[in-house]
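A quick write-up on the structure given underneath.
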Amino acid sequence: MLERSQSFDVRDKSYNEIQTIMENILEKSLSLSINTKRLGRSLLRITFFDNETDQEQQKDNRITILQEQEKRVYIQIKGKLTDAQVRQLWKEFEKRLTNSTYIEKIEKTTPSKEEIIQEIKRSIELKGFIVKNNDIQTFIENFIEKFDRLPKENEFHSIVKGYIIMINEDYLVEKAETSIKSEPSTEIRESVLDIIEDKPLSDSFNNSVIVVEKSVGRRKCPSCGDEGSIHEVTDKNLILMDYPRIYGKKKYCGKCGFEWK
C-alpha cells in the first residue's frame, strides 16, 4: 500500500490556495464529492465520498491538511482510496504546486517620461482644463527632483489632482477666505470638495498671517503702502495637497516685512 501521509513544500502558496488545489483534484480528477471543514487556523479536514457507493461505508474517508512551519504542509489520507487514486492525488498535487509557483509573469513596460506627460495631459483635459506640455513637464521634473524617480501609474491621479489645484489656487484660496468670514454656500462647498476631495483649505491657514481682499491693479502693501517691494512666496502653512505636497502662496513686503494673503 502506498504511503498515505506526505509533507510538501508549498513555497509561496497561501493556505486557501492549498485548499483549492486539493478540492479541485478530488472533485475534477477523482470525481468525488467533498465537504470541507476548518478545524483551526492551520488545520483543515476534507471528507470525500463516491456518490455511487453507500455513504455509510465511506464515513471514515477524510484528508487532513496541517500547515507546518517554514512553508510546508503535512497531508494525511484516510479511508477508501485505491493505491492508483492515492498515486494520482500525490502526483497532481505536486504538479499543481510546481506549475502554479513558476507561472511566468508578464512585466509591464515602464512608461517613458514623455508617455507619462501625455497621459497626465489627457487626464487633465478630460476634466475640462487646457494645459500645455511644458507646464506638465515642469511639474513632472519637480516630482523627479523630490522623489528621485518617475511617478508610478497609480500616482497619476494624485498628480492630476495636484496640478488642477495648483493652477486654480487663486480660486480655491478665495473660496477658503470666504469660508473664514461666513458659512459658505452649499454650491461653493461642493465645488471645492469636488477638486480637493474632502480636504478643506481653511484647516491649513495660519491665523498670524492677515488675509486681505483681492485687489485690482498694482499690488500694494496693506501696512506701509509700498508697491515696489512686493514678493510672492510659498506659504508652508497653507497645504493644498498632501501628496505630492503642494503649498499655497502668500505675499511679502520687502520694505516692512509684512505678510498677507
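The values are calculated or read from the model by the stated rules, or taken from the named source; none is laboratory data. Predicted model, so just to flag it, every value in this text is computed and none were measured. Reconstructed Cβ throughout: ideal geometry from the backbone, glycine too, with neighbour counts over all protein chains shown.
One residue stands out in the stretch 205-251 among those that are surrounded by 17 or more Cβ atoms within 10 Å (Cβ to Cβ) and among the aromatic types (F, W, Y): the one that is modelled with the lowest pLDDT, namely F205. Listed by position, the strands (runs of 3 or more DSSP E) inside the stretch 22-105 whose residues that are loosely packed, with under 13 Cβ neighbours inside 10 Å number at least 2 are 33-40. In the stretch 151-170, the residues that are farther than 14 Å from K121 by Cα and assigned to a helix (DSSP H, G or I) form Cβ pairs under 8 Å with partners that are modelled with pLDDT of 75 or more and basic (K, R), at six or more places apart or across chains, as follows: E169/K249.
Selection over the stretch 1-20 of residues that are surrounded by fewer than 16 Cβ atoms within 10 Å (Cβ to Cβ) and of a type in the set (A, V, I, L, M) gives a count of 2.
Determine if the stretch 143-151 includes at least one residue that is of a type in the set (F, W, Y), modelled with pLDDT under 80 and under 16 Å from Y247 (Cβ atoms). Checking the stretch 143-151: not a single residue is of a type in the set (F, W, Y), modelled with pLDDT under 80 and under 16 Å from Y247 (Cβ atoms).
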